[in-house]
Amino acid sequence: MTESNNDCIFCSIVAGTTPADVVFDGGDTLFFRDINPKAPVHAVGIPKVHITSLDVLTGDEHALVGKILHEAADVARDLGVSESGYRVITNVGKDAGQEIEHLHFHVIGGEPLGPLRS
Ligand code: AMP
Ligand code: ZN
């Protein structure tokens, strides 16, 4: 974990340098709409500190991740998909297709999402 990474787009959203459509600010977390949504509802939730992925999580960060997941459920409710259902996903590394190396949780819904893999 580092406070901020100059080369990281999500850190620059936290810093306010890159604009984002913020849907929830949890103080140490931030949720904003994905710039390239994969479903009618697609938000991304991040810790404000720079953590590369779940793979490098430390014990000190357990509570932060639990908080993000709880907030993801609140955001899903705010965005109107808690009744219809939604998916929370985090990609880790190359095979998962992780593009942004700042831990993030996708909150996706608003239509039937199909199987995890087809
Ligand atoms: P991943 O493939 O799990 O690393 O997902 C990264 C996600 O970040 C993708 O769904 C992108 O569309 C999204 N993304 C990239 N840049 C931005 C941005 N500036 N604002 C919002 N979402 C972004
Ligand atoms: Zn970052």
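Look at (1) farther than 20 Å from ILE35 by Cα; (2) modelled with pLDDT of 95 or more and you find that ARG87 fails only one, number (1). Filtering region 27-52 to residues that are within 16 Å of ligand 2 (Cβ to nearest atom), more than 13 Å from PHE105 (Cα to Cα) and not in a strand (DSSP E or B) leaves ASP28, ILE35, VAL49.
Given the condition touching a Lys or Arg at 6+ places or on another chain (Cβ under 6 Å) and open to solvent by less than 60 Å² (accessible area, probe 1.4 Å), answer yes or no: does some residue in region 50-59 qualify? So that I can check it myself, show each step before the final result.
Pass one, region 50-59, residues touching a Lys or Arg at 6+ places or on another chain (Cβ under 6 Å): none.
Within region 50-59 (the criterion being touching a Lys or Arg at 6+ places or on another chain (Cβ under 6 Å) and open to solvent by less than 60 Å² (accessible area, probe 1.4 Å)), the answer is no, since none of the residues qualifies.
Any idea how many residues of region 5-21 are open to solvent by 70 Å² or more (accessible area, probe 1.4 Å) and either free of Cβ contacts under 8 Å to residues at least 60 places away in the same chain or assigned to a loop (DSSP other than H, G, I, E, B) (or both)? Please lay out each step first, then the result.
Of the residues in region 5-21, the ones open to solvent by 70 Å² or more (accessible area, probe 1.4 Å) are 6-7, 9, 15, 17, 19, 21.
Keeping just the survivors that are either free of Cβ contacts under 8 Å to residues at least 60 places away in the same chain or assigned to a loop (DSSP other than H, G, I, E, B) (or both) gives 6-7, 15, 17, 19, 21.
Total satisfying the criteria: 6.
So which of VAL56, VAL107, VAL65 ends up being within 13 Å of the chain's Cα centre (by Cα), over 19 Å from LYS38 (Cα atoms) and not small (Gly, Ala, Ser)? Just one listed residue meets the conditions, VAL65. Restricting to region 68-104, what's the tally of residues that are open to solvent by 30 Å² or more (accessible area, probe 1.4 Å), in contact (Cβ under 8 Å) with a residue 60 or more places away in the chain and under 11 Å from the mean Cα position of the chain (by Cα)? Residues that pass the stated criteria total 1.
The values are calculated or read from the model by the stated rules, or taken from the named source; none is laboratory data. Because the structure is predicted, anything quoted here is derived from the model rather than measured. Neighbour counts run over all protein chains shown; Cβ positions are idealised from the backbone, glycine included. Each accessible area value is taken on the protein alone, full model and side chains, heavy atoms only, with ligands, DNA and RNA left out. Shrake-Rupley method; radii C 1.70, N 1.55, O 1.52, S 1.80 Å.
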